Structures are given as C-alpha cells and as structure tokens.
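Asker: So that we are looking at the same thing, I have put the structure below in structure tokens.
The values are calculated or read from the model by the stated rules, or taken from the named source; none is laboratory data. Remember, it's a predicted structure, so these values are computed and weren't measured experimentally. Cβ placement follows ideal geometry from the backbone for every residue including glycine, while neighbour counts extend to all protein chains displayed. Please note that ligands, DNA and RNA were not included when accessible areas were found on the heavy atoms of the full protein model with its side chains. Shrake-Rupley method; radii C 1.70, N 1.55, O 1.52, S 1.80 Å.
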Amino acid sequence: MKYTVTLIPGDGVGPDVVEAARRVLEATGIEFQWEVVNAGADALEEEGSLLPERLFESIKKNKLALKGPTTTPIGTGFRSVNVALRKTLDLYACLRPCRSYAGIPSRYENIDIVVVRENTEDLYAGIEFEEGTPEAEKVLSLISQSTTEKIRKDSGISLKLISETGSRRIVRFAFEYARANSRKKVSAVHKANIMKFSDGLFLNVARDVAKTYPEIEFEDVIIDNLCAQLVQQSRQFDILVLPNLYGDIVSDLCAGLVGGLGVAPGANIGNEEAVFEATHGSAPKYTGLNKVNPVAMILSGVMMLRYINERAAADRLEAALVETLAEGKSVTYDLKPGRGAANAVGTSEMADAIIARLIS
Ligand code: NAD
C-alpha cells in the first residue's frame, strides 16, 4: 500500500529536519507519495498566504501530514499557523511522548511519560479583548453586572473557555491511548481548587470518564504540584491529560526531562486528520545550516507509522534511531558532551547514519 502524505517543510530549520524525516521514512520500505504544500513564513513569501487554502484541501484529502515548524511573525496580528491549523481541522488531541534514550544527554533517566494536551480550547481559543478598546469596555461592563469583584477598567481580557464536550473527548482520547498502548495510569492535571468552573468542569468530566476504564488507574494532580513532582519524582507518571495551556507548558517541561526540544516528537490528531510535527519551533538562527537535531522530527515520523498501523516499520526505524543515538558517533552537536563539539555531524548526515542501519 502506498500512503499519500501532505508534506509541509515549514521554515527556519523546518526544511532540514523534514527532509531528514522523509528520507528515513522512505528507507523503512513503506511507500509514500509526498504532496508538498508549505505553510508559514516561506509560504507567505511564495504564495502570499501563511496558510494557503490548498494546504487544508490537501490535508483533508490525505488525512495525514508531516509538518516542519513554522515561524509565527510577531506583531502582524496573526495568531499562529499551528493554532489556526489545529482549530480549522479540529485536531483536538496533541500527543507528545517523552521518553529517555541512551545517548541523549539529560539530567534524568528512564523517563517514559506521554503528554496528552487538549488542543482547541482554554486560553488558546483566541477570544481576546485589547485593553482600552470599546469591545473590552463592553465586556468589562457586562462582567461587572454579574459580580461583586472589582475589575480594573484598564484590563486586557483573554477568555478561558473549557467545555464538557472538549474535556470529555480529550480525556477519552487519553484513556483510549492508554488502553491501546498497554499503559497503566492516567493523571488529569488541573487547578480546579481555584478555577472551579473551567478546570473544575475538566476534572469532573475526567473523573466521570475514568469510571468507564476500570482497568486503568486514575488520579488527579494540581498543576503546580505536578511541576514539582515531575522534577523530583517523574517516574511516578505515565499518561498526563491536560487542558491546553498547562499541556503546552508541561510538554516542554517533559521535553526538558528527556534531553530537550531537539528530541521531543508530537502529533496533532482529530477524528479525521492527523498532523505529525516536532515539539520544537523553527529555531531561525540555524536556518539552512544543516545543523539541528532531526530526532524530534524522525520520532514524529515513527508516531505517524504507528498511527497508520505500520508497526513493524515503526519499530525498525525506532531501533535504528536508538542504535545511532547509543553509539553516539553520527549525532548532531546538541547530543555531544559539552554541546557543539567539533566531531558532531549535520542533520542530513545523522539521517544517513540511521538509514545505513535500516537498510543493512
Ligand atoms: P525553538 O524551538 O524554535 O528554538 C529554541 C531553541 O531550542 C533553539 O535556539 C535551539 O537552541 C533549540 N532547538 C530547537 N529545535 C532544535 C533542534 N531540532 N535541535 C537542536 N536544538 C534545537 O523556539 P523559539 O525560538 O521560541 O521559536 C522560534 C519560532 O518557532 C517562533 O516563531 C515560534 O512561534 C515558532 N514555533 C513554531 C512551532 C511549530 O511550528 N510547531 C512550535 C514552537 C515555536
């Protein structure tokens, strides 16, 4: 079977890491047809749009996309290519496995945590009112009619919206993932003691959903406590399910536990489509240098293979990657002791080393 996949090179380091991932995926022997459609700063320059309509058409048709990071221009009023993509395609689950591999320098060992982040609501819903505008004044006056709390008139407003529907589907996703991958525990993360009607709703729904998965352990953890526990006793966690903002922050924290952004993969998954992309951004200062670590993007490709049920190919690719990392010879600068050591290889040479193991 041949899979048609939308390939989004992105910008900054995107094209380098996406090309590395594309080549190793092809070396597994699985057949792909790549439909290249860009998004982000390069697409803006080439096609006049950060998110060309044909990108959505392509992803909707193919159901699968491999995406490089894209730069979010600052001060243009444009929120983010990623947020727009996730919202438009309703890619409600952001899946970010964080796992320790031998050969990746880190303060911690044997971490194996999966972060499941809600991707469409919370403070990321994008409903904001700028301080001092008539719209903000209108909202503030409406709020002051229903509360005795004093609100400063010069406040900016970002709405935190958490729904029962959004919470139920993300918690279910976490439990289904646990079941399908023989994981033991799901921890729902919140601040329900303070935000009773948003995080409180998320927590109530999580407790309710947990009852339908009696074979999987369930607990809830308050977000600040989780951060301390992750640093001190991270091995107690298995799957974390979180509303959008906490999920964003905690997935970077967990990436830090396993060696940094260069090795943290991810996927944005909806009912129909799935977009696979590294957690890291476009790291603009390394643009075109063939320097950064392709591991996060390659592991995102491994996730894509598992998603399409090509498990044997996924296992072989992961094994080739693990061996390359453990040997530590053909790896990028960030994986060398002291970072930036002279004998590091480039992005594409690291991909070559993985391919050599795959086809040997
Ligand atoms: P970043 O992840 O691009 O880079 C931060 C630092 O992390 C880099 O300077 C580099 O030292 C390190 N790093 C990142 N990726 C690496 C890799 N593969 N190998 C080795 N080291 C790596 O974060 P930033 O600088 O905050 O963001 C740059 C741009 O990327 C911004 O415009 C931001 O909006 C965007 N961004 C995009 C995505 C996405 O497309 N999914 C995600 C995050 C940030």
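Asker: Show the residues, 5+ positions off or on another chain, whose built amide H is closer than 5 Å to the amide H of Ala188.
Answerer: Under 5 Å from the amide H of Ala188: Glu219, Asp220, Val221, Val241.
Asker: Non-local amide H neighbours of Thr4 (under 5 Å, H modeled in plane, Pro and chain starts lacking H): which ones?
Answerer: HN-HN under 5 Å from Thr4: Gln33.
Asker: Something else about it: Put one equal scatterer on each alpha carbon of the chain, apply the Debye formula with no solvent term, and list log10 I(q)/I(0) at q = 0.09, 0.15 1/Å to two decimals.
Answerer: Taking Cα atoms of the chain as identical point scatterers yields -0.52, -1.36.
Asker: Next question, about the same structure. If you take the charge dipole of region 101-230 about its Cα centre, with +1 on Lys and Arg Cβ and -1 on Asp and Glu Cβ, which of Ala125, Phe218, Phe197 is farthest toward its positive end?
Answerer: Phe218
Asker: Once phi is turned into θ = phi - 60°, what whole-Hz ³J(HN,Hα) does the Karplus curve with 6.51, -1.76 and 1.60 give for every residue of region 344-349, x standing for Gly and Pro?
Answerer: The phi angles translate into 6, 9, x, 4, 6, 6 Hz.
Asker: Under 29 Å Cα-Cα from Lys150, which lysines qualify once same-chain neighbours fewer than 8 residues away are excluded?
Answerer: Lys138, Lys160, Lys191, Lys196
Asker: Starting from the Cα gyration tensor of region 217-273, take the square roots of the eigenvalues, sort them a ≥ b ≥ c, and report rounded, prolate or oblate (rounded when a/c is under 1.5, otherwise prolate if a/b is larger than b/c, else oblate).
Answerer: oblate
Asker: In whole Å, how far is the Cα centre of region 169-227 from that of region 287-341?
Answerer: 31
Asker: Can you tell me how region 246-360 classifies by the Cα gyration tensor, rounded, prolate or oblate, using a/c under 1.5 as the rounded cut?
Answerer: Oblate, because a/c is 1.5 or more while a/b does not exceed b/c.
Asker: Using the Kirkwood formula over every pair of different C-alpha atoms, what hydrodynamic radius in Å results for region 7-129?
Answerer: 16.5
Asker: Placing unit charges on C-beta atoms (Lys and Arg positive, Asp and Glu negative, everything else neutral), compute the dipole magnitude of the chain about its Cα centre in debye, rounded to 20.
Answerer: 740
Asker: For the chain, what does the helix formula give at 222 nm: sum of -39500 (n - 2.57) over DSSP H segments with n ≥ 4, over the residue count, nearest 500 deg cm²/dmol?
Answerer: Rounded to the nearest 500, it is -13000 deg cm²/dmol.
Asker: Please report, as a whole percent, how much of the solvent-accessible surface of the chain comes from carbon and sulfur atoms (probe radius 1.4 Å).
Answerer: Of all accessible area on the chain, carbon and sulfur atoms account for 51 percent.
Asker: Another question about this same structure. Tell me the Kirkwood radius of region 74-179: reciprocal of the mean inverse pair distance over distinct alpha-carbon atoms, in Å.
Answerer: When all Cα pairs of region 74-179 are included, the Kirkwood radius is 17.2 Å.
Asker: A further question on this structure: Looking at this model, which pairs from Lys67/Lys285; Lys63/Lys184; Lys60/Lys185; Lys61/Lys87; Lys184/Lys211 are more than 26 angstrom apart at the alpha-carbon?
Answerer: Violating the 26 Å limit, Cα to Cα: Lys63/Lys184; Lys60/Lys185.
Asker: In degrees, nearest 10, range 0 to 90: what is the angle between the Cα axis of helix 311-327 and the longest Cα principal axis of the chain?
Answerer: Compared with the principal axis, the helix lies near 70 degrees.
Asker: For the chain, report the accessible area per residue in Å² (1.4 Å probe, heavy atoms, rounded to an integer).
Answerer: Averaged over the residues of the chain, the accessible area is 46 Å².
Asker: Residue-wise, which Karplus ³J(HN,Hα) couplings in Hz belong to region 119-124, taking 6.51 cos²θ - 1.76 cosθ + 1.60, θ = phi - 60°, and x for glycine or proline?
Answerer: 10, 10, 10, 6, 5, 8
Asker: Apply the Karplus curve 6.51 cos²θ - 1.76 cosθ + 1.60, θ = phi - 60°, to the phi angles in region 300-306 and return the couplings in whole Hz, x for Gly and Pro.
Answerer: Using θ = phi - 60°, the values come out as 5, x, 4, 4, 5, 4, 5 Hz.
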